[in-house]
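The values are calculated or read from the model by the stated rules, or taken from the named source; none is laboratory data. What you see is a predicted model; the values in this text were computed from it and never measured. Glycine gets a Cβ as well: all are built from the backbone with ideal geometry, and neighbour counts include every protein chain shown. All accessible areas refer to the heavy atoms of the entire protein, side chains included, with ligands and DNA or RNA removed. Shrake-Rupley method; radii C 1.70, N 1.55, O 1.52, S 1.80 Å.
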Amino acid sequence: MELERILVVDPIDGEYTADVRISGSKIESIKKTGGDFRSIAMPGFVDTHSHGALGINCMTMNHEGLEKWEEFAQSHGVTYLLPTTVSASEEGMKRVADLVSKYISDRSRTVVHGVHFEGPYINPKKKGAQNPEAIRQPTLSEINSVLSDVVMIITMAPEVGGFLEVLPEIIKREIAVSIGHTDATYNQIKAAYKLGARRMTHFPNGMNTLHHREIGCVGAGFLLPLNLEMIVDGVHTTPEFVEMVYKIRGSEAIILVTDSLDATGLDNGIYDLGGLRVEVKDNVATLEDGTLAGSTLTMDKAIRNFKRWTGCNLQELAKVSSYNALKNLGISNRGRFKEGLIADIVLLSKELKVEETILAGKSVFISK
């Protein structure tokens, strides 16, 4: 496969016009040409926090549903996806992990690369749209039971009993610990960071706010070198807040996610989230009490929002939409334009609309 006269956007080397040759699943060569370009080429988008789409729910999906979800993700430029659970029973967590593991093993190429456990080891006071009946404290025996090679991220609250006991075991397995649904103090988050928790889940949602006598979770996100997941839909975070985080922490710290529900890509209606009733109206998902319950955001819309609200350049956009998430997970064989790396690429128009998605060297979506 040859991509001619494209504007390559690399998160480290920046922007340049080039011809890119792909052989098999990898980038074979990059020849800088200069001049005008036909399309913008960025590393494929990485969504490490998504609960579903098109009626497919991570907690109840089967293989056919996951395949449908994967095709939807591809159409929005995603080449790396982590289906994300909500707080659930031990059996429910293992069922999702086992299904995803089998799904991956059955395919030579897929955007699905693992699982993100969001909960159940969180603070009930900051449960958001998580089912309180499933929330509990972690134990070593349960952690050893539910964690497997397919688990990439686990969202936890550092103030919850048992956190400090299980954290070393999770870190030893090279699973990213993300601080979320938490009422922790700044010092509790700082201690968790020093012990290996390196990211925050959907910052600043599901956590306490900034106060001048206790800067808490939001203050920790600004002051500590944590990776910050952000849902840039204009509902979970206003454009001004997104701009503020960008100006204070920079593009190196931000990881764009969708936190998408099964209602994503569908009409207004009533949906289920871990046993809770969710209403979607005008692309906003809420519980019966008005609590935000995930989003209907897609990654291509997220990058357009982020660029419009922050004025960032394309190189920075490649960081927040792909490179930072992969780096946080310790993945170095994709997410850049380099010879020998996996060819996960999204081709975009100058308006940042998805034209084509290339997954491991194969075109899997072309816009009509």
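Contact order normalised by length for region 237-295, with contacts defined as Cα pairs under 8 Å and 6 or more residues apart; what percent is it? Relative contact order here is 22 percent. Reducing region 87-123 and region 295-354 to their Cα centroids gives an inter-centroid distance of 24 Å.
When we measure straight from the Cα of residue 94, which aspartates and glutamates land under 19 angstrom away, once same-chain ones fewer than 8 places off are left out? List returned: 64, 106, 118, 133, 142, 149, 169, 174. Ligands, DNA and RNA aside, residue 101 has an accessible area near 60 Å² when probed at 1.4 Å.
When the trypsin sites (Lys or Arg not before Pro) in region 204-273 are filtered for DSSP coil states and for at most 10 other beta-carbon atoms within 10 Å of their beta-carbon, the remaining sites are 213. Helices in the chain, meaning DSSP H runs of at least 4 residues, each add -39500 (n - 2.57). Divided by all residues, the mean residue ellipticity at 222 nm is -7500 deg cm²/dmol. Using 0.36 nm per residue and subtracting the Cα-Cα separation, the extra length available between residue 266 and residue 241 on full extension is 6.2 nm. Only protein atoms count toward the accessible area here, which uses a 1.4 Å probe; on the chain, the carbon and sulfur part of that area reaches 47 percent. Would you mind pulling out the separation of the Cα centroids of region 146-168 and region 27-83, in Å? The two parts, judged by their Cα centres, are 27 Å apart. Distances between placed amide hydrogens fall under 5 Å for residue 39 paired with 7, all partners being 5 or more residues away or on another chain. Candidate values [x] 1.16; [y] 0.94; [z] 1.06 were compared with Cα Rg over 2.2 N^0.38 Å computed on the shown model; the agreeing label is [y]. Long-range amide H contacts for residue 113: which residues qualify at under 5 Å (H placed 1.01 Å from N, peptide plane, sequence gap of 5 or more or a different chain)? Placed amide hydrogens put 81 under 5 Å from residue 113. Note that region 104-109 has calculated 3J(HN,Hα) couplings of 5, 5, 7, 10, 6, 8 Hz, one per residue in order, obtained from phi through the Karplus relation 6.51 cos²θ - 1.76 cosθ + 1.60 (θ = phi - 60°); glycine and proline are x. Across region 233-241, computed HN-Hα scalar couplings (Karplus, 6.51 cos²θ - 1.76 cosθ + 1.60, θ = phi - 60°) run 10, x, 10, 5, 9, 6, x, 5, 5 Hz from first to last residue, x flagging Gly and Pro.
May I ask you to list the residues of region 119-147 whose amide nitrogen lies under 16 Å from a point 7 Å from Cα along the Cα→beta-carbon direction of residue 164? Under cut-off, by backbone N: 138-140. Scattering from region 1-148 was approximated by placing one identical point on each alpha carbon and applying the Debye formula without solvent; log10 I(q)/I(0) at 0.11, 0.18 1/Å stands at -0.57, -1.02.
Note that the chain presents 40 Å² accessible area per residue, ligands and nucleic acids not counted, probe 1.4 Å. Taking amide H as placed 1.01 Å from N in the peptide plane, the amide H of residue 297 sits under 5 Å from that of 261, each at least 5 places away or on another chain. Seen from residue 153, the other residues with C-beta closer than 9 Å to its C-beta sum to a net charge of 0, counting Lys and Arg as +1 and Asp and Glu as -1. For the pairs 26/362; 32/353; 190/319; 26/353; 281/301; 126/327, note any where the Cα-Cα span goes beyond 20 Å. From the list (26/362; 32/353; 190/319; 26/353; 281/301; 126/327), the Cα-Cα distance tops 20 Å for 32/353; 190/319; 26/353; 126/327.
Sequence-ordered 3J(HN,Hα) estimates for region 78-92 from the Karplus curve with 6.51, -1.76 and 1.60 and θ = phi - 60° stand at 7, 10, 8, 10, 10, x, 10, 7, 10, 4, 8, 5, 4, 5, x Hz, glycine and proline given as x.
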